[in-house]
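Read the figures in this text as sums done on the coordinates, not as results from a lab. In this text, all values refer to a predicted model and were calculated from it rather than measured experimentally. With ideal geometry, Cβ positions are generated from the backbone for all residues, glycine too; neighbour counts draw on all protein chains shown.
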Amino acid sequence: MEYTLLLVDDEEELCLALGKRLESMGYIVYTATCGRDAITVFRDIKPRIVLMDFILPDTNGLELLKQMKREIPDTEVIIITGYADMELAVKSFQCDATDFVTKPFGRDNLEQALDRATQKIFVRRRLQEYAENKAMREMVINELVNEDVLVIGADYRIVDINTSMLSKLGVEREAVIGRLCYEITHRRNSPCAGEDHPCPLIQCFETKKPSQTTHIHLDKQDREIFYSISCYPIFENGQVSGAIELSRDITQELNSQKSLFQQSKLVSIGLLAAGVAHEINNPLTTILTTALLIQEDIDPENPIHKELGIIASETLRCRKIVTALLDFARQSKPVRKEHNLKELIDEVVLLTRKQAAFKDVSVESECLSDMVCVQADRGQLQQALINLIMNGIDATDSGGKVTVVAGICPDPKYVEIEIRDTGKGIPKEEMDKLFDPFYTNKKNGTGLGLAITSGIIAQHGGVITVRSQPGQGSIFTIRLPLRQDAANAL
Ligand SMILES: Nc1ncnc2c1ncn2[C@@H]1O[C@H](COP(=O)(O)OP(=O)(O)O)[C@@H](O)[C@H]1O
Ligand SMILES: [Mg+2]
């Protein structure tokens, strides 16, 4: 199938090279180098797929995305960006971008994004066929095994549901047909509403055109799940008699974007750190020894004696930061071997208990299985766990508890390790900054612990996420692939 594709990028060389590559992949490629040209070409050729740079000389990608979606909602838009920004990724997905690719991107990233776009075009076409032809119903909605599909009448009652969604809800078809959609999917007793949780059906009925929105749902463990929801109107005698609602869980996609962003930040800061830290270490040692030498010659009663002490202790603090920076910059590729997860965690727990005892905080571990083995660099994984446990201890008042829980997660290809604490928790507005290098709320913090930890986990092909209730504690979750082949596939 040949698709028309519009490529928008202000770097002409890139446009040319990428355009050639896309043509060799079978696309009919048009190019534009600014937003105004892009819209003119867009209206002219109505491309199925748009691939565009986020930063353009006369506008930005988000505005262009919104405008294109307004004019032809079916267009698949893939955003390319040179700088890493999570908020931007979320916003783009909320405006129904198909994908988000960070520069410089490899052939694989691009191909994956384009595959996703062509897959979506296929799904849309099948749904359109369904909407126009009732006889095709079962065949079409059950063919979409990767999507959750509901057919809903104008009175919000469910007319049909596909097998994939039934198994996610864990109910029988009979229990769902004829019930209200908001009751089944949201356990609400009135239709979805409001800016954060708009009802995609209403819009679809009003405009008689496909509509799109994003909903954030909480799963059984209070984790945020991002759903991209699309609605397609079904026409009967010229009237909209219902809609097909398609929901796709995009949480995984967003999380992997998140760790990609983090990695690119870490690489640049790592390079900088390696250079600077080395240069700073020597003069710091000179300051420290000189201060201590002068101090020896001064009467302890003299106020200068105490001030020299301050110079020495602050210099020591700088050295601590520099050492952490060097650790951070030195992050080598992990040397993975098979290790028993329970043993590895038990060692870490023993190591951190002493520190915790000073604060009267207990550290416990619960391994759901003795037998789970991980392919990991022992030293690195332990360092990651220690960083998380120490943070948990820091955040917890006396009498509190830090627990490390490990076990196989619902997807048997992965293992999950949770570090839970009963501490002060993390305010929502701080969540996005936690993993940034140098972000710290502590007087003596380096702000590098979580940056190093997330780097280690990414190197192991895993992801780290966090959830927290201010006042009730935090849970950091590490998800690691269980087998080497699973890790390579990532
Ligand atoms: N378990 C936790 N509970 C509350 N806040 C936390 C927790 N873990 C990390 N943080 C916050 O994240 C910040 C960054 O952590 P980190 O990168 O380890 O640096 P540091 O520990 O040196 O401050 C901490 O200063 C703290 O504000
Ligand atoms: Mg820390």
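Give me the tail of P(r) for the stretch 142-231 as a percent: Cα-Cα pairs with distance above 16 Å. The proportion of pairs with Cα distances above 16 Å equals 58 percent.
When the square roots of the Cα gyration tensor eigenvalues are ordered a ≥ b ≥ c, the ratio a/c for the stretch 4-127 is under 1.5, which makes its shape rounded. Counting only trypsin sites (Lys or Arg not before Pro) that DSSP places in a loop and that have at most 16 other Cβ atoms within 10 Å, the longest clean stretch of the chain runs over 1-178. The sum of -39500 (n - 2.57) across all DSSP H runs of n ≥ 4, divided by the residue count of the chain, sets its helix-only mean residue ellipticity at 222 nm to -15000 deg cm²/dmol. Express the Stokes-Einstein translational diffusion coefficient of the stretch 285-348 in µm² s⁻¹, to the nearest whole number, given a Kirkwood radius over alpha-carbon pairs, 37 °C and a viscosity of 0.692 mPa s. It comes out at roughly 216 µm²/s. Overall size of the chain from C-alpha positions, given as principal axis extents largest first: 99, 55, 42 Å. When both bridge partners sit in the chain, DSSP labels roughly 70% of those beta bridges antiparallel. In this structure, the amide hydrogen of LEU448, modeled 1.01 Å from its nitrogen in the peptide plane, lies closer than 5 angstrom to those of PHE438, counting only residues at least 5 positions away or on a different chain. Dividing the convex hull volume of the alpha-carbon atoms in the stretch 402-464 by its residue count gives 115 Å³ per residue. Where both bridge residues fall in the stretch 4-127, DSSP classifies roughly 5% of the beta bridges as antiparallel.
Placing R0 at 41 angstrom, the Cβ-Cβ distance between ARG248 and ASP327 gives a FRET efficiency of 0.55 after rounding to 0.05. Taking only the Cα atoms of the stretch 292-443, the ratio Rg/Rh comes out at 1.08, with Rh defined as the Kirkwood radius. You can think of it this way: the chain between ARG126 and LYS337 has 71.3 nm of extra reach, that is 0.36 nm per residue less the Cα-Cα gap. FRET efficiency for the pair CYS318 and ASP44, taken as 1/(1 + (r/R0)^6) with r the Cβ-Cβ distance and R0 = 60 Å, rounds to 0.50.
Placing pseudo-labels 7 Å out from each Cα toward the beta carbon at GLU430 and GLU143 gives an inter-label distance of 5.2 nm.
For the stretch 156-196, GluC sites (Glu not before Pro) are listed when DSSP marks them as loop and at most 12 other Cβ atoms sit within 10 Å of their Cβ; the list is GLU172, GLU195. By the beta carbon rule, with partners counted only under 4.7 Å, the chain holds these lone Cys residues: CYS15, CYS34, CYS95, CYS181, CYS318, CYS367, CYS373, CYS409. Dividing the mean sequence gap of close Cα pairs (under 8 Å, 6+ apart) by how many residues the chain holds gives a relative contact order of 8 percent. Take the Cα of ASN441, step 7 Å toward its Cβ, do the same at LYS413, and the gap between the two points is 3.6 nm. Histogrammed with a bin width of 10 Å, the alpha carbon distances of the stretch 25-64 distribute as 28, 58, 14, 0 percent, first bin at zero.
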